[in-house]
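Participant: Right, I'll just put the structure down here and ask away after.
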Amino acid sequence: MRISPEMITIDCADPQGLAAWWAEALGVEDTQDYDGFVILAATPLVLGFQRVPEPRAAKNRVHVDFSSPDRPADVERLAKLGATVVGEQSMEGMSWTVLRDPEGNEFCLSDAGSH
């Protein structure tokens, strides 16, 4: 028997607000609010946002990686939406940008096809 990934859940102070930000960032509209636990069905990846009382205190131990056919343009677009650019990284055959969403959760954006 195998387990299957279903959703990545992000702890945050404002689930509705952060889900709305991610919906705009990913260009999707399908959100479902279950009394403060918000699910964003960003096919093929489902993101969940749950309220926690404490702020993020250190670097994420898990983060989500995305790809883009035009990474510089999408990094600029995400920054205009409120993301913070942390830095650029590269290794042979692969380049990516590390960003933070408005609540400080880190995520990466790579060039499409570089994984």
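The values are calculated or read from the model by the stated rules, or taken from the named source; none is laboratory data. Everything quoted here is computed from the prediction, not taken from an experiment. Every residue, glycine as well, gets a Cβ built from its backbone with ideal geometry; the counts of neighbours run over all protein chains shown. Ligands, DNA and RNA are stripped out before the accessible areas are found, and what is left, the full protein with its side chains, is counted by its heavy atoms. Shrake-Rupley method; radii C 1.70, N 1.55, O 1.52, S 1.80 Å.
Participant: Within segment 56-69, which residues are loosely packed, with under 15 Cβ neighbours inside 10 Å and either within 13 Å of ILE10 (Cβ to Cβ) or polar (S, T, N, Q) (or both)? So that I can check it myself, show each step before the final result.
Facilitator: First pass over segment 56-69, keeping only residues loosely packed, with under 15 Cβ neighbours inside 10 Å: 57-62, 65, 69.
Within segment 56-69, ASN60, ARG61, VAL62 meet the criteria.
Participant: Of the residues ALA23, ALA19, which is in contact with a strand residue (DSSP E or B) (Cβ under 9 Å, 6 or more places away or on another chain), open to solvent by less than 80 Å² (accessible area, probe 1.4 Å) and without any contact (Cβ under 8 Å) to a residue 24 or more places away in the chain?
Facilitator: ALA23
Participant: Could you check segment 70-115 and list, in sequence order, the residues that are hydrophobic (A, V, I, L, M, F, W, C), open to solvent by less than 50 Å² (accessible area, probe 1.4 Å) and in a loop (DSSP other than H, G, I, E, B)?
Facilitator: ALA83
Participant: Just checking, does segment 9-22 include any residue being modelled with pLDDT under 90 and outside any strand (DSSP E or B)?
Facilitator: So far as segment 9-22 goes, no, none of its residues is modelled with pLDDT under 90 and outside any strand (DSSP E or B).
Results for (1) more than 11 Å from the chain's Cα centre (by Cα); (2) small (Gly, Ala, Ser); (3) at pLDDT 95 or above, shown as yes or no for each residue.
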| position | (1), (2), (3) |
| --- | --- |
| ARG2 | yes, no, no |
| ARG71 | yes, no, yes |
| THR84 | yes, no, yes |
| ARG100 | no, no, yes |
| ASN105 | no, no, no |
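Participant: Let me ask something additional. I'd like to know if segment 34-46 contains one or more residues that are closer than 16 Å to LEU81 by Cβ and part of a helix (DSSP H, G or I).
Facilitator: If we filter segment 34-46 for residues that are closer than 16 Å to LEU81 by Cβ, which is where we start, we get 40, 42.
In the following step, the residues that additionally are part of a helix (DSSP H, G or I) were identified as none.
No: segment 34-46 contains no residue that is closer than 16 Å to LEU81 by Cβ and part of a helix (DSSP H, G or I).
Participant: Conditions: (1) out of contact with any Lys or Arg (no Cβ under 9 Å at 6 or more places or on another chain); (2) without any contact (Cβ under 8 Å) to a residue 24 or more places away in the chain; (3) not aliphatic (A, V, I, L, M). PHE49 meets all but one. Number of the miss?
Facilitator: (2)
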